[in-house]
1. So if I take the centroid of the Cα atoms in the stretch A:197-245 and the same for the stretch B:172-187, what is the distance between those two points in Å?
2. Of the accessible area of chain B, with the probe set at 1.4 angstrom, what percent is carbon plus sulfur?
3. Which chymotrypsin sites (Phe, Trp or Tyr not before Pro) does the stretch B:59-154 hold that lie in a coil by DSSP with at most 15 other beta carbons within 10 Å?
4. Any idea what Rg and Dmax come out to for the stretch B:104-152 if you just take the C-alpha atoms, in Å?
5. When all protein chains stay in place, what accessible area (Å², nearest 10, 1.4 Å probe) is found for B:Cys46?
6. Be a star and scan the stretch A:1-42 for residues whose amide nitrogen sits under 15 Å from the point 7 Å along the Cα-to-Cβ vector of A:Glu251.
7. If r is the Cβ-Cβ distance from B:Leu65 to B:Ile213 and R0 is 22 Å, what FRET efficiency results, to the nearest 0.05?
8. Kindly identify the stretch A:82-181 as rounded, prolate or oblate by the Cα gyration tensor criterion: order the square roots of the eigenvalues as a ≥ b ≥ c, call it rounded if a/c is under 1.5, otherwise compare a/b with b/c, prolate if a/b is larger, else oblate.
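The values are calculated or read from the model by the stated rules, or taken from the named source; none is laboratory data. All of these numbers come straight from a predicted model, not from anything done at the bench. Reconstructed Cβ throughout: ideal geometry from the backbone, glycine too, with neighbour counts over all protein chains shown. Please note that ligands, DNA and RNA were not included when accessible areas were found on the heavy atoms of the full protein model with its side chains. Shrake-Rupley method; radii C 1.70, N 1.55, O 1.52, S 1.80 Å.
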Amino acid sequence: MDIRLNSISHSYGDTEVLRDISLDIPSGRIVCLVGPSGCGKSTLLRLIGGLERPTIGKILQLGDPPQGCLNPLTYIFQDFALLPWRSVRGNISLVLEDHGIRGASADAIIEDVLARTKLSDFRDALPRQLSGGMKQRVAVARALAVKPAVMLMDEPLSALDSQTRELLMDDLVALWTRQPFTAVYVTHNLAEAVRLGHRIVVLSRRPGQINEVVEIDKPLADRGYGDADLEKTQKHLWDLMRDEARAADEELIDV
Amino acid sequence: MSDPSDHKSPPTAPIEVRFRGGGFAPRPHRWMGPVVFVAVIALLECGTQAGWISALTFPKPSDVLGAFGELWESGLLFQHLMPSLGRLAVGGAIGASLGIAVGVLIGLFSYVRAGMVPVVAAIFPIPKIALLPLFVIWFGIDEASKYALIAFGTFTPTVVATYGAVDNVDRSLIRMGQSFGLSWMSIVRKIVLPGAMPGILSGLRISLAIAIILLVAAEMLGASHGIGAYILQAGSLYDLERLFAGVVILSLLGVTLSAIIGQIERRLLRWRS
């Protein structure tokens, strides 16, 4: 299933946050959205998943979601959004219960996603007992449980320290290599973008417009920490963004 | 400090860095509460025995204990306590459950909020005791008017605590529920209600204390049995021992209810650190 954005514009009251964004998200690839803070990249992600309605333009799903898909557009949030009163298992079964999946069939799905995210030993732990990296892995497991067609990741690693971030990036690459998934990955961290993105969309500052689209052909599995060619792409991205980022930083927030 | 010669000449002997990070961190001291109780009671006992507290100011704690023992032995204790507990249970249950229901509705629906919040704000400050004559007209002199008074008194604080608790539920969790396609009912049942539970329970603590106050008020105005009636009888005879025995029972009742809610909190809110 592909996603197509047809000249999307969005405003909050008089403030225009996104202007005329057209973008294709092909299935089986990871599209990274980067841009200076306040450029509307998280807003765009909420629009894609239907949590907000665009002021102008349409977001289209092309083709049918794969067989067995329970929730085609599935988010992974920056703040993990785990229910603190449910165990790891309970947090995953939460998203299955509404689809009438209980008992043995739910257990099978939960065991499978816990194994894929290396969480099998922690199934009965409560969120408060887990580190930030573990919490985000639970959120990834929960997303995998509904067999999404597109994963919408809103700065999923931004709340983590840099070492955990490296580890989790490797985990995401391993997950993708085993079974390629489609994802829109919003980040302000260019190192994450060049490690995980097949296509990197650079947005300008508010109102967000597409500044440039950079394609990286190198397979995800071959990319590593501090690769020379990735560093070059990262520098190119930063050159595109630097002035805008500074201008965005100096803007007053409550306009 | 920037002078490089500073660290060459050892001017004085090294001083240990002074610790200044203490305090402002409450720690539990289980024995402190009982110690204060015992000390106060012992002081009163000494004072009344020795005579520097006159018998009209304060009864001897040992006499209060005696009055309590009398109550126990004559079986009057349960004749007074049981009706009181019944009124408290029925009135408190009605008030708290209606309060939680209305509070959740206010928290969930903006129309209900716009309509009900001013109403609740208007009835919250009314001293409910002032309405007892009205309740007697509406519900009769029997138990029903006492239930109504206690229910009405617990209702408003429960509503306020509950909708505040619902407002405080983490919106990102609700957004998460929506993004996974959970039904409205599931979001309310599995995300909003558990998330509001800590606030609802701490609201109940206040509501139940108010319920005890109103229970006594209702029983003073028209009941033959009940702790309030017992205190009123003793008071009108200036029988300070029995009056204090009644007051101690009320205080114990409050401590017990608070302990029960504490147990419920420990069980339901185990997920908190």
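1. Answer, in whole Å: 33.
2. Values: 11360 of 16370 Å².
Looking at chain B in its full context, I get 69 percent from C and S.
3. On the way: sites: B:Phe68, B:Trp72, B:Phe78, B:Phe109, B:Tyr111, B:Phe135, B:Trp138, B:Phe139, B:Tyr147, B:Phe152; in loops: B:Phe109.
Qualifying residues, ordered by number: B:Phe109.
4. Rg then Dmax for the stretch B:104-152, in Å: 13.8, 39.
5. 80 Å²
6. The answer is A:10-20, A:34-42, whose backbone nitrogens lie closer than 15 Å to the label point.
7. On the way: r = 25 Å, r/R0 = 1.12.
After rounding to 0.05, the efficiency reads 0.35.
8. On the way: a/c = 1.78, a/b = 1.29, b/c = 1.38.
Oblate is the answer for the stretch A:82-181, as a/c is 1.5 or above yet b/c matches or exceeds a/b.
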